[in-house]
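Novice: The structure is given below, and queries will be raised subsequently.
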Amino acid sequence: MNIEGNIVDIEAGIIYPGRIMVKNGLIESIEAIEGSFGHFILPGFTDSHVHIESSMLIPSEFARLAVVHGTVATVSDPHEIANVCGMEGVEYMIGNGKTVPFKFNFGAPSCVPATSFETAGAALDVDDVQRLLQKPEIKYLSEMMNFPGVLHKDPEVMQKIQAAQRLGKPVDGHAPGLRGNEARAYSNAGISTDHECFTAPEALDKLNLGMKILIREGSAAKNFEALIELLSEYPDQIMFCSDDKHPDSLEAGHINQLCARAVEKGIDLFRILKAACLNPVKHYQLDVGLLKEGDAADFIVVKDLDHFEVIQTYINGQLVAENGQTLIESQHPGIVNNFDCAPNLLRHLL
Ligand SMILES: [Zn+2]
């Protein structure tokens, strides 16, 4: 198939009328043509940190909603399901994600349970984390919440980080409020991102250490207003994420909304698109196309470059959403967990 429109080349910072030839799910060629078009073609959006579980949906249903807004990929920590179902839960997320044309990129949860004071349903030890990291579907070690453990070089924490480093997989951070020398020690331990910054000075500390900052705007935490101005100065170190995205808010919009808000603030379009499309793919080495010859044919067609209203979404050359409608079929969910209500206890309480 081929498709024509105004092609947005984010890296070169140019927009030109062109034709894209797609063959076997890949971009075979892109050529400049004569003509004028009312629509734009650009790489799809990636949510660089979102717990699929917070949408209350299984991955295949999350994908059905996300593609409508031009999202083609997520970087996702299956931390919540791991806390309940352990390794089986993580396997479920990977398996169910594969049933739909969408690019889920799961991490190995680093902190299950999150603290020793938690009554979790399961725990993942160093061996479990190592086993997960060896899987090709697992792209990174996910949010290292135990930052005191990193600062005090807790042996188990260090072993998990080293396991990821041996495999060349990035280690995600989670260090709210960490500044100065402590932030430096955390970054020196090999942790390359943080999505927990809630003030610009804190994010600046981490950016100056070379860390990537994920600007988070989800159903729970909202840091967009505090951090967005940093994108002008650090366009290669910033990404967009939701962290937690409830189903009603996923239905309303996704990373496309953050792009529109950034445009409204007067931030340069190409810097915005670096954060929304390019930076996550490069940092996590994702198998997501960036509109180059030979890439997977993952791209979107939008009406304009200020509201990013999505006309079409393509993943591996397949049309997966059009004019607000998902074209991904619902899948049979399978069951990994049941609520087990003890009738005697309930009767007692009533
Ligand atoms: Zn998170």
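Novice: Which net charge results for the neighbourhood of Ile10, defined as the other residues with beta-carbon distances under 14 angstrom from its beta-carbon, given Lys and Arg at +1 and Asp and Glu at -1?
Specialist: -2
Novice: When the Karplus curve 6.51 cos²θ - 1.76 cosθ + 1.60 is applied with θ = phi - 60°, which whole-Hz ³J(HN,Hα) does each residue of the stretch 41-47 get, with x for Gly and Pro?
Specialist: 10, 8, x, x, 8, 10, 7
Novice: Quick one: net charge around Glu80, please, counting Lys, Arg +1 and Asp, Glu -1 for every other residue with C-beta under 11 Å from its C-beta.
Specialist: Combined, the nearby Lys, Arg, Asp and Glu give -3.
Novice: With a 10 Å Cβ neighbour count serving as the proxy for reagent exposure, in which order, fewest first, do Asp248, Asp298, Asp268, Asp172 appear?
Specialist: Asp248, Asp268, Asp172, Asp298
Novice: Within the chain, what is the longest stretch that has no chymotrypsin sites (Phe, Trp or Tyr not before Pro) placed in a DSSP loop and near at most 15 other beta-carbon atoms within 10 Å?
Specialist: 199-338
Novice: Quick check: convex hull of the Cα atoms in the stretch 148-266, volume per residue, rounded to a whole Å³?
Specialist: 115
Novice: Take every DSSP beta bridge whose two residues both sit in the chain, then give the antiparallel share in percent to the nearest 5.
Specialist: Beta bridges within the chain, antiparallel portion: roughly 60 percent.
Novice: Using the Kirkwood radius built from alpha carbon pairs, what does the Stokes-Einstein equation give as D for the stretch 54-154 at 4 °C and 1.567 mPa s, in µm² per second?
Specialist: 91
Novice: Taking each full run of DSSP H in the chain as one helix, which ones are at least 18 Å long along their axis (Cα atoms) and have mean Kyte-Doolittle hydropathy of at least 0.0?
Specialist: 79-97
Novice: Same structure again: Hey, could you grab the Kirkwood Rh for the chain? Inverse mean 1/r over distinct alpha carbon pairs, Å, one decimal.
Specialist: Averaging 1/r across every pair of different Cα atoms and inverting gives 20.8 Å.
Novice: Tell me, which longest segment in the chain has none of the trypsin sites (Lys or Arg not before Pro) that fall in DSSP loops with at most 15 further Cβ atoms within 10 Å?
Specialist: Of all site-free stretches, the longest is 1-97.
Novice: Distance between Cα centroids, the stretch 310-327 to the stretch 189-263: provide it in whole Å.
Specialist: Here the answer is 26 Å between Cα centres.
Quick note: the coordinates plus some simple rules give every number you see, no bench work behind them. What you are looking at is a predicted structure, and each value in this text was computed from that prediction instead of being measured. Note: ideal-geometry Cβ built from the backbone for every residue, glycine included; neighbour counts use all protein chains shown.
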